[in-house]
Amino acid sequence: MTAQFPAVRPRRLRRTASMRRMVAGTRLHPADLVLPMFVKEGISEPNPIGSMPGVFQHTRDSLRKAAHEAAEAGVGGLILFGIPAVKDGRGSAADDPQGIVQQAVADLVADVGDAMVVMTDTCLDEFTDHGHCGILTPDGEVDNDATLERYAAAAVAQARAGSQVIAPSGMMDGQVAAIRAALDGDGFEQIPILAYSVKYASAFYGPFREAAECAPQFGDRSAYQQDGAGPVGEALREVRLDLDEGADAVMVKPALAYLDILRQVRDMVDVPVAAYQVSGEYAMVEAAAANGWVDRDRVIMESLIAIRRAGADMILTYWATEVARKLG
């Protein structure tokens, strides 16, 4: 580039809103957004989540209403998390055909399954009484291989209920292969897997653990979720392993603190890449806005644009319906 100021004036392309819109290099569409939703067994009214203003633990009825609103706004999909009335050490409700997730999935697929993609989170932390993502050994460690059997059973139960995408999030080695084999063996070869391939042991998950009632009763999840200070190559290796095992799409979680990882994953793979704008990201913006410290609407859009620009094809965000309405 040889021309200089005053011949070169980059501001020419920024002067008006219409000009900025025309030359925008990053665009959001409602179909890019996925709404995480919580359904709780045994409640008669939706429960507001204190650390996530505007987000609820839903009843089956209120869940259906919220899903209809998301579909009408043009949201691309939703992902369901369930809180059962009874929890135990093996997360029995996860694969119970009459479990809350399976019942709610059937409702949603019947209601909005043609308008948006109904996904299910496949893990055990919402279903175990100890709050960890798998079966425990007598010494209190998560037993990777025993947990795979439970994930496979839960995935099949969700598929039988109508789930259109299975999204394993537990970060167990071999989870995608185990789920793929179970789905195929039960006649669900057509059901895709969205793998939480890069999931960090993050402090940004705090509000989610209130929402899903899944805080570990001892220790933390650092032995199976990734270390934020770990080598970048580990994240890329996890992605390659999941793809080799049959994943159809991959995810990076959290989003904003790991945009560099998201970019590298996007550059490496030729499948859809999702990023999860997690509960802590949502809660911080809502809290700052409530105190008048930030412009809420602008911060929401700026954060989503950043995630999209870093390479996400799909963004899981609790603001999905609201933002989809604004995007029109």
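With the charge dipole of the range 182-328 set up from +1 on Lys and Arg Cβ and -1 on Asp and Glu Cβ about the Cα centre, the Cα lying farthest toward the positive end among the listed residues VAL239, PHE208, VAL198 is that of PHE208. Sparse packing (at most 12 other Cβ atoms within 10 Å of the Cβ) combined with a DSSP loop state is found for the following trypsin sites (Lys or Arg not before Pro) in the range 25-109: ARG27.
Roughly how big is the range 230-285's charge dipole about its Cα centre, with Cβ charges of +1 (Lys, Arg) and -1 (Asp, Glu), in debye to the nearest 20?
On the way: 5 positive and 10 negative charges, 41 e Å.
Rounded to the nearest 20 debye, it is 200 debye.
A compact globular protein would have a Cα radius of gyration near 2.2 N^0.38 Å; the ratio found for the range 1-124 is 1.60. Sorting ASP114, ASP270, ASP96 by accessible area puts them as ASP114, ASP270, ASP96; the probe is 1.4 Å, largest comes first, and only protein heavy atoms count. Here's the list of lysines a cross-link from LYS65 could span, going by alpha-carbon distance under 22 Å and ignoring same-chain residues fewer than 8 apart: LYS40, LYS326.
When only the Cβ of Lys, Arg, Asp and Glu is charged (+1, +1, -1, -1), the dipole of the range 179-301 relative to its Cα centre reaches about 340 debye.
Against the chain, whose longest principal axis is taken from its Cα atoms, helix 259-268 shows a tilt of about 80°. Taking only the C-alpha atoms of the range 34-84, Rg followed by Dmax gives 10.6, 30 Å.
Remark: relative contact order (the range 203-328) = 27 percent; criterion is Cα-Cα distance under 8 angstrom and separation of 6 or more residues.
Along the range 75-89 the Karplus relation, 6.51 cos²θ - 1.76 cosθ + 1.60 evaluated at θ = phi - 60°, assigns HN-Hα couplings of 4, x, x, 9, 10, 9, 10, x, 10, x, 6, 10, 10, 8, x Hz to successive residues, with x for each Gly and Pro. A helix-only calculation puts the chain at -12000 deg cm²/dmol for mean residue ellipticity at 222 nm, using -39500 (n - 2.57) for each DSSP H run of at least four residues, averaged over all residues.
For Cα pairs less than 8 Å apart in space and 6+ apart in sequence, what is the mean separation divided by the residue count of the chain, i.e. the relative contact order in percent? Intermediate values should be presented prior to the final figure.
Numbers: 633 pairs, mean separation 61.8, N = 328.
Relative contact order here is 19 percent.
If eta is 1.306 mPa s and T is 10 °C, what Stokes-Einstein diffusion coefficient results for the range 85-239, Kirkwood Rh from Cα pairs, in µm²/s? Estimated diffusion coefficient is 99 µm²/s. Rolling a 1.4 angstrom probe over the chain with all protein chains present gives an accessible area of which 51% lies on carbon and sulfur atoms.
Given Cβ point charges of +1 (Lys, Arg) and -1 (Asp, Glu) and nothing else, what value in debye, to the nearest 20, does the dipole of the chain about its Cα centre take?
Values: 31 positive and 45 negative charges, 483 e Å.
Taking the Cα centre of the chain as origin, the dipole is about 2320 debye.
Derived scalar couplings between HN and Hα for the range 297-310 equal 5, 5, 5, 4, 5, 4, 5, 5, 4, 4, 5, 5, 5, 6 Hz in order, rounded to whole Hz, by the Karplus curve 6.51 cos²θ - 1.76 cosθ + 1.60 (θ = phi - 60°), x for Gly and Pro. Residues in the range 56-132 average 34 Å² of solvent-accessible surface per residue, probe 1.4 Å, ligands and nucleic acids excluded. Pairing the Cα long axis of helix 232-245 with the longest principal axis of the chain, what angle in degrees results, from 0 to 90 and rounded to the nearest 10? Compared with the principal axis, the helix lies near 60 degrees.
How high is the relative contact order of the range 122-268, in percent, with contacts defined as C-alpha pairs under 8 Å that are six or more residues apart?
Details: 216 pairs, mean separation 36.7, N = 147.
It rounds to 25 percent for the range 122-268.
Here the range 194-318 is described by how far its Cα atoms reach on the three principal axes: 47, 38, 23 Å, from widest to narrowest.
The values are calculated or read from the model by the stated rules, or taken from the named source; none is laboratory data. Values in this document were obtained by computation on a predicted structure and should not be read as measured data. With ideal geometry, Cβ positions are generated from the backbone for all residues, glycine too; neighbour counts draw on all protein chains shown. Just the protein is used for accessible areas: all its heavy atoms, side chains included, with ligands, DNA and RNA removed. Shrake-Rupley method; radii C 1.70, N 1.55, O 1.52, S 1.80 Å.
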